[in-house]
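The values are calculated or read from the model by the stated rules, or taken from the named source; none is laboratory data. Treat the numbers as computed from the prediction; the structure is a model and nothing was measured. Cβ placement follows ideal geometry from the backbone for every residue including glycine, while neighbour counts extend to all protein chains displayed. Side chains included, ligands, DNA and RNA excluded: accessible areas come from the protein's heavy atoms. Shrake-Rupley method; radii C 1.70, N 1.55, O 1.52, S 1.80 Å.
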Amino acid sequence: MKDRRSFLKTAALGAAVFSLDGVTGTPARSQGKNKIVKGKPIVVSTWDFGRAANAAAWEILKKGGRALDAVEAGVRVPEADPNNHTVGYSGYPDRDGRVTLDACIMDEHGNCGSVGALEHVTHAISVARMVMERTPHVMLVGDGALQFALANGFQKENLLTPESEKAWKEWLKTSEYKPVINIENKSYTPTNGATAFNPLMLPGNVYNHDTIGMVAMDAEGNLSGACTTSGMAFKLHGRLGDSPIIGAGLYVDNEVGAATSTGVGEEVIKIVGSHLVVELMRQGYPPEKACKEAVERIVKRSPSKAKEIQVGFLALNKKGEHGAYCLQKGFNYAACTSDTSNILIDGKHYF
C-alpha cells in the first residue's frame, strides 16, 4: 500500500509540473501555443504605405517603448500624407463634400477608444486615444467627437484638399455610388506625375493604399493596435465602416494576438471580423489561416457580392507570427522587425 501511495503522489507531482509553463510557472494555455515572446518587438500594418508608418512605430519599439505609443505614432504618418486619399488629411469626402474620419485604438489591457464621422481634425487616432484615456466612454461621433477634440487642444482645419475636391466634383457628374475592388490602387495621386490606371498603378506597388490598420508587439511582449481611415469615397453622410468599431476593424487580446482589417467595412462588421480572427488564433489557428477562415465566411454569406469587393485581414499572434488573407489579388502588408527589415508581403487571396 505504501508503494502504491508513493507512486500516486509522484505521478500527481509530475502532472503538476507538466501543466505549468516552465518559464513563468503559470498554467499553460493550449500546450504553450501562446507563450509570451519578449525582447522581439514587431509591427505590421496594411498596404504598402505601411512601411512609412512602420518606420515611425519602430523608432518607439526599438527603444523599448510601449506598443500603444508605437501604433499611434505609426498611423499618424498616413493620416498626415496629402497624397493618401483614403486616410486622414486629403481623404475623399462623402457625397455632400465633407471629409469625415473614423479611427479606433486598443491597448494590452483591453482599454479602447474610438471616434466616428469626425470632421476638421487630421489625427483622428489621437482623438480616439484621448477618448480612451480621458473619458468613461469607448466611442464619440460626429459633432460630439469634434467638440471633444477641440476642447482637448486639437485645432480645427480644412481636410478637403483641391485634389480631393476635384475628384468629388467629377463624381457628382454621375453620382454613381458603387464600391470598386482595390479602389486604393486606382485613386492614389503619385508624386512623380503618373496618372491613375496606368501600369505604374498595378496592385501591390508603391502607389496603392487604403485604410491603415496596424498591430504591434513591444519588447515586453505586450500588444496594441490602431486603425484609421476617411472611409469609403463619396459615402452617405454619417456612414461608418468597420474601422472605428472595436471587434470589427480592430481587436487586441493580449493573451492571444491582435488583428485588423481593410476593405469594404460593411462586410467585416457582419462577421465581427477582427474579433473572429483573434478567437480563431485562440483556438490554435496560425495568423494566416485565421484570416483565411474569416475571408471564407464573408464568401459563404454572399458569394456573388464577395467577387465584386475587396476585404483583407492582417493578424499577429503572441509568438510574433504574422499573416494575412484577402478576397482579391492586390492586398499587401508591411512587416518590420528591425531598422533594416521593413518588408512588403503580398497577402494570399481567395479569388
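With a 1.4 Å probe and all protein chains left in place, how much of the accessible area of the range 88-139 comes from carbon and sulfur atoms, in whole percent? Roughly 45 percent of what the probe reaches on the range 88-139 is carbon or sulfur.
Run the dipole for the range 272-351 about the Cα centre, Lys and Arg Cβ at +1, Asp and Glu Cβ at -1, nothing else charged, and hand back the magnitude in debye, nearest 20. Don't skip to the answer; put the middle values down first.
Numbers: 12 positive and 8 negative charges, 71 e Å.
Roughly 340 debye, rounded to the nearest 20.
Annotation: the range 62-152 has a Kirkwood hydrodynamic radius of 13.4 angstrom, from the mean reciprocal C-alpha pair distance.
First check a/c for the range 294-338, with a ≥ b ≥ c the square roots of the eigenvalues of its C-alpha gyration tensor; if it is under 1.5, answer rounded, and if not, answer prolate when a/b is larger than b/c or oblate otherwise. Could you put the intermediate results ahead of the total?
Working: a/c = 5.64, a/b = 2.08, b/c = 2.71.
In terms of gyration-tensor shape, oblate.
Stretch Thr174-Lys270 to full length: gain in nm at 0.36 nm per residue minus the Cα-Cα span?
On the way: separation 96, 0.36 × 96 = 34.56 nm, distance 2.94 nm.
That works out to 31.6 nm of additional length.
What is the sum of charges, Lys and Arg at +1 and Asp and Glu at -1, for the other residues whose Cβ falls under 10 Å from the Cβ of Lys40? Neighbourhood net charge equals +1.
When only alpha carbons are used to place a centre, the range 103-171 and the range 311-347 end up 26 Å from one another. At full extension, Gln155 and Leu236 could sit 26.6 nm farther apart than now, given 0.36 nm per residue minus the alpha carbon distance.
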